[in-house]
Structure formats: structure tokens, C-alpha cells
Amino acid sequence: VNATAVACANIALVKYWGKRDEALNLPARGSLSVTLDALETRTTVTFDAERPADVLVVDGIERAGAALARAARVLDLLRARAGVGAEGPRALVTSANTFPYGAGLASSASGMAALVTAGAAALGLDLDPAERSVLARRGSGSAARSIHGGFVEWRAGERPDGADSVGVPLHPAAHWELRVVVAVVAAAGEKAVPSTEGMRHTAATSPYQPAWLAAVDTDLVAARAALAARDLAALGAVAERSALRMHAAMLAADPALLYWRGATVEALHTVRALRARDGLAAWATIDAGPHVKVLTTPADAPAVAARLAAVPGVERVVASRIGGPARVEANAAAERPTEVTS
Ligand code: DP6
């Protein structure tokens, strides 16, 4: 009763920042993302009738608190779906990332998508991607998108139960050979406010939140059209303004949510100069953290990466292709779960 699955992180080009139902994790608006091949989570779930409680091990370290609570919530939904109920077997979840965990690089999205995919397989459940997307969403909203590869829209949906609030694949990765260059910005000091809390705070205190939400539907229309036409200048423009408007709403919260570091702003200036001065394809987006992700072409990616790497405060750069869907893996790795070191 174990299974291993792999899922990729995703980066939203039209952002999700605001919920209409926090218990079911239903978003106030839709969002649209690309799946990132280079940022991957591999998760093994082993159910065991003898195990007293769910255990979560990420990158070799046992996790408690919010991370464990989220995983257990999703495992409870899977157990209920499998009809094994509240008394069903507990799980050992071992997870490994190809990128730093909890560094604002969307580990919750790939993590929850991999957990749902592996957990369902381990319980012998044959769930279609839409159903896995709904379950992943309950763990973390953006995870609804990481079930699919390529270019994905998470529909806000209308139903109060959230059955139609689901990630929908718009185009597979092969539709468009793009690159995303991730500039990892060193962030010393206080821990960033987690997304769930940051969204709640922005919705409660930012006078700009209604204006931010009002702009999202127009951006979704523009992004879908740009994607279908493979118009990178149009898609890049939507992505950059969506990110900056989201951050404007955060900055107007009281007290302000400031996820940026100095290097974040320098990287933004670099991206603008790459476009205006060097004529390269480069458009920036930023999530609830200091890192800058830049949408570009395969031809321009090396120059974009080199220039971002030279920005003081940028620790390293990772160039990613567009990734594929979450998938179950052949079961060799499941026989030897990662060692626990703490
Ligand atoms: C800024 O999906 O992490 O990355 O649903 O509360 O778990 P929860 O939040 P989460 O938020 C992601 C916010 C974002 C924008 C995006 O990915 O669309």
C-alpha cells in the first residue's frame, strides 16, 4: 500500500490572491499558470494500519505544525474518498524537492499535487485529474494547477461545494517552448507571511483588494488569447501587471505586506532594461516571496539568466522548461523511504 508520484511547481501568470471560502479553499477569482519542469517534488505515501498518526518527512526532516496539518487534511479527504473512514490507516509521507523547501518557490503546489497523486494510488483509487485537482486545492489553492502540465487555468467555479473550482489544462507543454528563469533572492531576517495568512490580511485591510480582484477577469481573457496566439509580448505584459497589481494590494494592507527585498527591485529593473535596451524577451512575475521569475524564450534564456545572476543579492538562477502533469512513478523508490535525520 505505497505509491510514489512526481509533480512540478507552477508559476501563476494571472495570480490568485484572495478566497471566497477559506474552509474549502475556493478562490475569489480564477488564475492561470505555467508548470515548471525544474522545480519538482517526488513523494512516497505508505499507508500502514499499525501507524498511530500521519507522519510527514520533507527533504529528510520530519515536519510538524502547519505543514503536517495540511498533509493530514488531504490524507483525511483521500481516506474518506476510499471509504476507509476516520479510523483508516495512517500514512508515512516522504517528500523530496529539487529546490529549497519553504523558500517561496511554490513547494506547497508541487507538494500537494504529488501527495494527492501518490496517496490516491496507494489507496487504489483511480481518480481523474479533475478530482485530484479538487483534492490538491483543499491542501493549497495553487496546487489545483500543479496536477496538470503545460499551461493551466484554475477556474474559480460557482458551486458552493467547490466541485467546479478545478485546474483545467489549456495547452500542453509542447504548445509553446518557453523558459522561466528563476532568480533566487537571498532573504535574511524575518520569515515571510505564509500565503493563506497574507491573503486573509490583504482582504481584511487593503483598500486596494477590490480593485485588484476587479482586474483579474480581464487579465484572464487577455492571457488565454495571448497563449492561444503564442504572443509572448502580450502574455508577458499580462503576467507582469498581474503580479505588480497583486503586490500593490499587499503593500496597501495595514500593516503592509512587503515580500520584496532590494534585489527583488533590482531584478525588476534588470528585466525592464533587458526588454527596452537589449531587445530581449523578458517579463517578470513575483509571488509571496522575494524571488523574481522571468518569462522568456529558449534563445534569450541564457542572456537573461546571466544578467539576473549578476544582480547583487541574487543567490542563484535556475532556468526551467515548461513541465508535465503530476504522475505516478514506478515503485522502486517507495521501498526505501528517505532517512529521517531529526
Ligand atoms: C502568490 O496556493 O500558497 O503564489 O491556497 O492559502 O495555500 P493557499 O495559498 P497558495 O497561494 C499562492 C499565491 C501566489 C499566487 C499564485 O500562485 O497564484
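The values are calculated or read from the model by the stated rules, or taken from the named source; none is laboratory data. Please read these numbers as outputs of a predicted model, since none were measured by experiment. Positions of Cβ are backbone-derived with ideal geometry, glycine not excepted, and every protein chain shown enters the neighbour counts. Protein only, heavy atoms only, side chains kept; ligands, DNA and RNA dropped before computing areas. Shrake-Rupley method; radii C 1.70, N 1.55, O 1.52, S 1.80 Å.
Quick notes on this one:
- Cut-off under 5 Å, modelled amide H: who pairs with Ala281 long-range: Thr297
- Amide H within-cut-off set for Ala326, under 5 Å, with H built and near neighbours excluded: Cys8, His148, Gly149
- Relative contact order computed over region 188-267 (Cα-Cα under 8 Å; 6+ residues apart), in percent: 41
- Rounded to the nearest whole Hz, the Karplus-based 3J(HN,Hα) values (6.51 cos²θ - 1.76 cosθ + 1.60, θ = phi - 60°) of region 131-142 follow the sequence 5, 5, 4, 4, 5, 4, 4, 5, x, 7, x, 5, with x at glycine and proline.
- Farthest towards the positive end of the charge dipole of region 172-264, among the residues Tyr259, Ala174, Ala192, is the Cα of Ala174, using unit charges on the Cβ of Lys, Arg, Asp and Glu.
- At q = 0.12, 0.15, 0.17 Å⁻¹ the log10 of I(q)/I(0) for region 1-73 amounts to -0.51, -0.77, -0.94, computed by Debye summation with a single uniform scatterer per C-alpha, solvent ignored.
- Taken about its Cα centre, region 164-252 carries a charge dipole of about 100 debye when Lys and Arg each add +1 at the Cβ and Asp and Glu each add -1 at the Cβ.
- With contacts taken as Cα pairs under 8 Å at a separation of at least 6 residues, region 143-187 carries a relative contact order of 35 percent.
- Region 257-333 - charge dipole about Cα centre, Lys and Arg +1 at Cβ, Asp and Glu -1, debye rounded to 20: 120
- Whether region 198-265 is rounded, prolate or oblate, judged on the alpha carbon gyration tensor where a/c under 1.5 counts as rounded: oblate
- Cut-off 13 Å between beta-carbons: net charge of the residues surrounding Pro89, Lys and Arg +1, Asp and Glu -1: -2
- Region 214-326: C-alpha gyration tensor shape, a/c 1.5 cut-off, then a/b vs b/c: oblate
- What a 1.4 Å probe finds exposed on region 22-107 is 54% carbon and sulfur by accessible area, rounded to a whole percent.
- Computed over the chain, the per-residue total of -39500 (n - 2.57) for DSSP H runs of n ≥ 4 gives a 222 nm mean residue ellipticity of -11500 deg cm²/dmol, rounded to 500.
- Note on the chain: GNM, Cα springs under 10 Å; of Arg200, Arg81, Arg159, the largest mean-square fluctuation is that of Arg159.
- Length-normalised contact order of the chain in % [C-alpha pairs under 8 Å, at least 6 apart]: 26
- Summary of the geometry: region 43-101 and region 110-148, compared by the centres of their Cα atoms, lie 13 Å apart.
- Solvent accessible area, Å² - Thr296, 1.4 Å probe, full protein context: 0
- In this structure the amide hydrogen of His171, modeled in the peptide plane, comes within under 5 Å of the amide hydrogens of Phe151, none closer than 5 places in sequence on its chain.
- A simple charge model with +1 on the Cβ of Lys and Arg, -1 on the Cβ of Asp and Glu and nothing else charged puts the dipole of the chain at about 620 debye relative to its Cα centre.
- The residue among Ala67, Pro89, Ala53 whose Cα reaches farthest toward the positive pole of the charge dipole of region 47-92, with charges on the beta-carbon of Lys, Arg, Asp and Glu, is Ala67.
- Surface/4 estimate of mean projected area, convex hull on alpha-carbon atoms of the chain, nm²: 16.7
- Accessible solvent surface per residue of the chain, calculated while the other protein chains remain in place, 1.4 angstrom probe, Å²: 41
- Oblate is the label for region 48-147, because a/c, from the alpha-carbon gyration tensor with a ≥ b ≥ c as root eigenvalues, is 1.5 or above and a/b does not exceed b/c.
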